Each structure stands twice: as structure tokens, then as C-alpha cells.
1. Among (1) open to solvent by 50 Å² or more (accessible area, probe 1.4 Å); (2) assigned to a loop (DSSP other than H, G, I, E, B); (3) in contact (Cβ under 8 Å) with a residue 24 or more places away in the chain, there is one condition LYS79 misses while meeting the rest; what is its number?
2. Just one of (1) open to solvent by 20 Å² or more (accessible area, probe 1.4 Å); (2) within 25 Å of TYR321 (Cα to Cα); (3) touching a residue at least 40 places away in the same chain (Cβ under 8 Å) trips up LYS465, so point out which.
3. Of all residues in region 259-291, which are under 18 Å from ALA481 (Cα atoms) and either of a type in the set (Phe, Trp, Tyr) or surrounded by fewer than 24 Cβ atoms within 10 Å (Cβ to Cβ) (or both)?
4. Filter region 68-94 for residues that are more than 14 Å from VAL187 (Cα to Cα) and out of contact with any Pro (no Cβ under 6 Å at 6 or more places or on another chain) and give the result.
5. Is it true that some residue in region 393-414 is among the aromatic types (Phe, Trp, Tyr), farther than 19 Å from VAL478 by Cα and open to solvent by less than 70 Å² (accessible area, probe 1.4 Å)?
6. Kindly check whether there is at least one residue in region 326-340 that is open to solvent by 10 Å² or more (accessible area, probe 1.4 Å), closer than 30 Å to LYS162 by Cα and touching a Phe, Trp or Tyr at 6+ places or on another chain (Cβ under 7 Å).
7. Exactly one of these conditions fails for VAL28: (1) among the β-branched types (Val, Ile, Thr); (2) open to solvent by 30 Å² or more (accessible area, probe 1.4 Å); (3) modelled with pLDDT of 90 or more. Give me its number.
Amino acid sequence: MLNSLIELAYESGFCYVDWRMIVMWCVVAVLMYLAVFRQYEPLLLVPIAFGALLANLPTEGVLNKPAGYLISPVEGVVKVVTVKEGDTAFAPRMIKQLPTKLSDIAKSKETATEDIKAFFKMVEDVTSKEGRKDVFKKAKGIPDLIAIVSPTQYEPKKKIEKELKGSKFLITFNGKPLELNAEDHFVWTQATGNVATTLISEGQKVDTGEKLVDVYSARTGGLYHYIQFGVLLELFPPLIFLGVGALTDFGPLIANPKMLLLGGAAQFGVFATFMGALCLGFTSPEAASIGIIGGADGPTSIFISNKLAPHLLAPIAVAAYSYMALVPIIQPPIMRFFTTEAERKIKMKSLRKVSRLEKLIFALVVTIACILLVPDVSALIGMLMLGNFLKESGVCERLSKAAQNELINVVTIFLGTSVGITMTGDRFIRAETLYILALGVVAFSFSTAAGIWMAKTMNLFLKEKINPLIGSAGVSAVPMAARVSQVEGAKADPSNFLLMHAMGPNVAGVIGTALVAGFFIATLAH
């Protein structure tokens, strides 16, 4: 009877609940409050928050990966194989964040040996036959360790990796003494199943991506295992850009090309945050991904993070979208601090009417120029301009409306929930997450201030003065940043109308952030 009750507790999922999950439920509640009751970007925050809720529940058929081939993460030599044909490979319902290599376990160089020994003892204890029968050990979220591969070449990136490079550690695992290097990589099982085929043996050389073990199970992967491929395969961000292009009028930028300078100036926040992240110990690819938050462009943040720092995708995406939602709170104090009342009252002349031909030529020229300049963001720029071309052509009304409505709405749901679904407590509740959130505020602030100062600088040389408030719209939060410029201008002078003027730097910011992202990808992606 007692055993039945324990097994029922395991099947119900209550044993998986820990303090991290409860903290994340509170985070979800905050995001829901901002979205529903304060109406800060609800179309983005509601899917993200609900995805985060699912990520922190012991679900079945939502997140689990399918069984199949386990592959080598690096080129190297197989040091350890723990299974043979006919064995059962076990993965718990909720898999916690796992180390990818030995150096990930060490908290410091001084405690590395003790940390590594303790970790292997815990893995052996949880994944043993007795451990699998213990419902609470299963709930620790540690799957079976299938193999350890020692890389042929290894380039350390983080401080601890550099300190431990070449270090050797003698441990005991499954009753067998092992001598491991700090750079040795782990291969964990992804789903519970039977080992159908073992394709490797200890001492065998393997290539990156080579099949090691085939695990069979009749169960398929969960719903979001497949939907997340829209992020992993970089499908969702370009499709969002298609909708944004179809919704955006590029006329204000064409009518006043000087606004490109304001969109460019706002990218200062990206590079300032990049340098700040480097100083905090992030690697260059990680720092670049964090810096793009300053561009206030969620799809671009996801696009670059997926390429350069996929392990930071969740906090970067959440920071980018959350701060986009908080633009009406973050920007106004900065705008008022860096401008005088007289500057906020500056009225700008009405923009000239831009012809349809000009808009069509602009879309084609920008597509050609940007892709030739930065090929790595061809998908983003191409879809942005395709959407705009559909809108301005006047002959593709059905396609344009589909991109503006059905397509962008469906993709927003899947993109938001796919981002939220990565926000598990063990990944999100870390010091680096707090750093990213703090750097996100810095990025937004610097981008806003840089756009304002560029407008003030331009006024030193222009006869027709620019209202510096529109410089803050250089961040690419379309059209919210432009609306904030309008609101602040109207507070200074109710007859002042800045919205269309602010759309110029707003659109320029979208293009500028995409180009900066392409630069980072071209220089930092391996």
C-alpha cells in the first residue's frame, strides 16, 4: 500500500515541486500582471508567461524529447560507455540543467576536485537501480549518463575553463576508477527507452555529430519539442519580421533620411552593453547577444542568441520583451532628464508625401544594400522588406493582410510560448540572469540617451531643428517608442504632433539593430 502511494505521488508530479519552481510561478504572476492589468505588450508577455508556467510544471507530452540516436558533442575519443544493448536508459519527467563538460561542475579551481567527486557520487546514487526506485531521487532531474568523450581540440572560453584546462581528476564511477580531464564532455540520455544499438566502444575515435547509441521508445516527443524548432531553426523571427514589414510605413524615413543617424546612434547602447558584459566575465558571443537587448528588438535578440549563445536564450528574450513592454516607463525619465522644456516644445514641419514608387524602390534598394553589406541577416532583412513590399505594392492586399494579421498572430503565440518554455527555474534563477536583466536596463538607457544626444548634436548644424524627443525612438520597439515620443512632446505642448516624425528613427532602428546583429554573427559565430 505504501509503495503504491509513493508511486502515485511520482506519477502525479507533486514530488518534482521545488523552491525554484515556486519562485518561477511568482515571476509568471508578475509577467501576467504587467500584461493583463497594466497592458504592457500583452500580445508578447501573455504567451511568454504561460510558456514559463508550463516549463515549471512536471508536464507530460509538452517538453519531453523523443528517444533516438545520441550523438557526440565533439570530435575526440570515447573515454566511458555506461550502457550496452538491451539496457534501459532512464530520463526523469523534468530534466534539470545539466553540465555539458567536466569544468562546468567546478565552482572554483580550489574546490574543483571535491565538486567533481560529489557530482559523480550524486549521479551514481540517483541513476542506480535503487535510485530509480526512489521517487524523490528521480525528481532530482538527473538522467542516465551514457558516455564521456574527450575532445581532440579544446578552446576554453570562460575563466574557470582556462584555469582548469589540462587538469586531471581521478574519480570512481559505477565501481570503476576513472581519470578524466576538465574538458571532457558528457552525453546524457534524453528520453526513457531501451538501448537498441551501441555503436561505440571505449577508446574509439568519434567525430562531432557521430551517432553513439540508439535508444528506442514508443513515445514521441512533446508538443513544444517540435514547436521549438521554429526558434532553433530560426523560422519564427524572420516570419515576425514579415508581419512587421507589412504593418510598418517607411514613408517618414524616406521623407527625412537624416533620421537614419538617429537610428544608428541608438545602437550605441548595444556596443556599450557589449563592453559591460565582457567586463562582467561573459564571453564575446554571450556579450553580443546580451548587447542586442539595447536595440529593443525581440525577434533579433532571439535570432542572434540562438546562433551565439543558445544557453542564454531564455533570459535574453525575456529581458528584451519585458523591457520593450516597459518602454513607456523606462524612457520618459531619461527623455526629460536630457532635454530642456524648450527643446521638448520644438515643432517640426509636416513631412512631404512619399509616392508609392519611392516606397517600392526603397524596399528593393535596402534589401540589396543590407544583404550585400551583412549577409548573415539576410533572412531578417529579406522578410522585413518583403512584408513592406507586399503592403506598398497595392496589388497583394490578401497577402499583406495575411502577414499583418493571421500569420504574425499565430507566430507570436508560438514564438512567445517557445521562449517561455525555456524558462525553467534551474536555468533562470542564476546570477548571470540577474546580470542580463541589469544589463538590459543599461542597454535601453544608453540607446535612448544616445538617440537624444545625436538629435541635439544635429541641431547644432541644422536650420530646421529636430525635436530631440524623437531621438529616443531610435530603439526599434515599433511603434511603441514612437508613441512615447509623441506622448512626451504633447505633455510639453499639446499641439505638438511628433508621431510620424518619430517613426523615421523607429524604422531606422529596426534596420540598424539587424545590421549590428549581422556584424556580431559574422565576426563571432564559429
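1. Every listed condition holds for LYS79 apart from (2).
2. Among (1) open to solvent by 20 Å² or more (accessible area, probe 1.4 Å); (2) within 25 Å of TYR321 (Cα to Cα); (3) touching a residue at least 40 places away in the same chain (Cβ under 8 Å), the lone unmet condition for LYS465 is (2).
3. Matches in region 259-291: LEU260, LEU261, GLY264, PHE268.
4. Once the filter is applied, which keeps residues that are more than 14 Å from VAL187 (Cα to Cα) and out of contact with any Pro (no Cβ under 6 Å at 6 or more places or on another chain), region 68-94 yields LYS84, GLU85, GLY86, ASP87, THR88, PRO92.
5. No: zero hits.
6. Scanning region 326-340, I find no residue that is open to solvent by 10 Å² or more (accessible area, probe 1.4 Å), closer than 30 Å to LYS162 by Cα and touching a Phe, Trp or Tyr at 6+ places or on another chain (Cβ under 7 Å), so the answer is no.
7. It is condition (2) that VAL28 fails.
Okay, residues lined up against (1) assigned to a loop (DSSP other than H, G, I, E, B); (2) more than 32 Å from the chain's Cα centre (by Cα); (3) not hydroxyl-bearing (Ser, Thr, Tyr):
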| residue | (1), (2), (3) |
| --- | --- |
| GLU85 | yes, yes, yes |
| ARG93 | yes, no, yes |
| ARG132 | no, yes, yes |
| LYS140 | yes, no, yes |
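The values are calculated or read from the model by the stated rules, or taken from the named source; none is laboratory data. Everything numeric here is computed off the predicted structure, so don't read it as measured data. Counting neighbours? That spans all protein chains shown, and the Cβs are built from the backbone with ideal geometry, glycine included. Areas reflect the complete protein model, heavy atoms only, side chains present, ligands, DNA and RNA absent. Shrake-Rupley method; radii C 1.70, N 1.55, O 1.52, S 1.80 Å.
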